[in-house]
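No lab work stands behind these numbers, since they all come straight from the coordinates. Worth saying up front: this structure is predicted, and the values here are computed from it rather than measured. Backbone-built Cβ (ideal geometry, glycine too); neighbour counts: all protein chains shown.
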Amino acid sequence: MTRHHHLPILEETGYVVLDSYQQPIDPAEWKDLEYVDWKSSGDTRFAPLASAYGQIECNGFWHFDPPKPDKDGVWIDSQTAVAPTLTERVRAIGANVGRVRIIELQPNSYADALYNSHLDDNNRLNPDGEGWVLRCFMQLTHDPDSVMVLREDVNDPSTETRISLPAGAQLVVDSQRMWHSVWHQGSEPRYCLITSVESGPALEKWIWANAPTTTVESAAIDQGVAAAGEATAQERRAARTAYYGYDPTTVMSEA
Ligand SMILES: [Fe+2]
């Protein structure tokens, strides 16, 4: 535990699922954005709405001069003009936000998701006494068969929670504590709005206004798929660790 301000509602499970967002949004708001290939394995692309200094890029804010924590993101006019509703949704939280971007994820397998599971680097340079930075996930496309896979311990399947991702699904995750990735089933890419957001009164108020649930029942998974996926993923993770000489996912990801 750091000396940052943490929201009590996140303490128990490391995530909170909110009521679904019900308003329709024109898919052009995410499809017509400018995407950047960044840290990409070929399976993901990102389109920033806010970045460190307003450029169309997705780097961690600490890479810039002057470096800064993942807060006080600068809105990118050419992008917010394409996505006014998405921008307003983030602004409506009322909290200090850092990186704000759309992720585009191609379909993958449960094993891929476990292989890609990681912790985020949300609080680098974040001064003690200020709010702990969390991630807010707002699902855009309707992917009810896809799930966010959360684990308290990446090596322990019993700590897993799978959260279904129909359009409008919203959750806030302490993604520096919870291992996370998405298992996206389907034939089209999945789009989600991801925001780095600071813990504090504004975020807390917004969470409580959206019927928070701190424990959800995991989406069903076939036990054979689960066991096979676990074995494959752990094999691939071990091979990666052997290749690098360390497990790169234990070094917090910038994604
Ligand atoms: Fe992440």
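Numbers for the structure displayed
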{"item": "Sole residue being under 24 Å from Gly168 (Cα atoms), under 15 Å from the mean Cα position of the chain (by Cα), surrounded by 18 or more Cβ atoms within 10 Å (Cβ to Cβ) and among the hydroxyl-bearing types (Ser, Thr, Tyr), chosen from Tyr15, Tyr35", "result": "Tyr15"}
{"item": "Scope segment 96-132; condition more than 19 Å from Val147 (Cβ to Cβ) and among the polar types (S, T, N, Q); matching residues", "result": "Asn96, Asn122, Asn123, Asn126"}
{"item": "Scope segment 175-211; condition in a loop (DSSP other than H, G, I, E, B), crowded, with 20+ Cβ neighbours inside 10 Å and more than 16 Å from the ligand (Cβ to nearest atom); matching residues", "result": "Ser199"}
{"item": "Filter pass, Leu125 being in contact (Cβ under 8 Å) with a residue 40 or more places away in the chain, away from the ligand (no atom under 14 Å from the Cβ), on the phi > 0 side of the Ramachandran plot and over 11 Å from the mean Cα position of the chain (by Cα)", "result": "yes"}
{"item": "Residue match in segment 145-162 (condition: away from the ligand (no atom under 14 Å from the Cβ) and farther than 24 Å from Arg236 by Cα)", "result": "yes"}
{"item": "Count of segment 163-174 residues which are away from the ligand (no atom under 16 Å from the Cβ) and either surrounded by 16 or more Cβ atoms within 10 Å (Cβ to Cβ) or basic (Lys, Arg) (or both)", "result": "5"}
{"item": "Residue within segment 222-240 that is in a loop (DSSP other than H, G, I, E, B), among the polar types (S, T, N, Q) and at negative phi present", "result": "no"}
{"item": "Trp30 vs. criteria in contact (Cβ under 8 Å) with a residue 60 or more places away in the chain, aromatic (Phe, Trp, Tyr) and within 20 Å of Ser187 (Cα to Cα)", "result": "yes"}
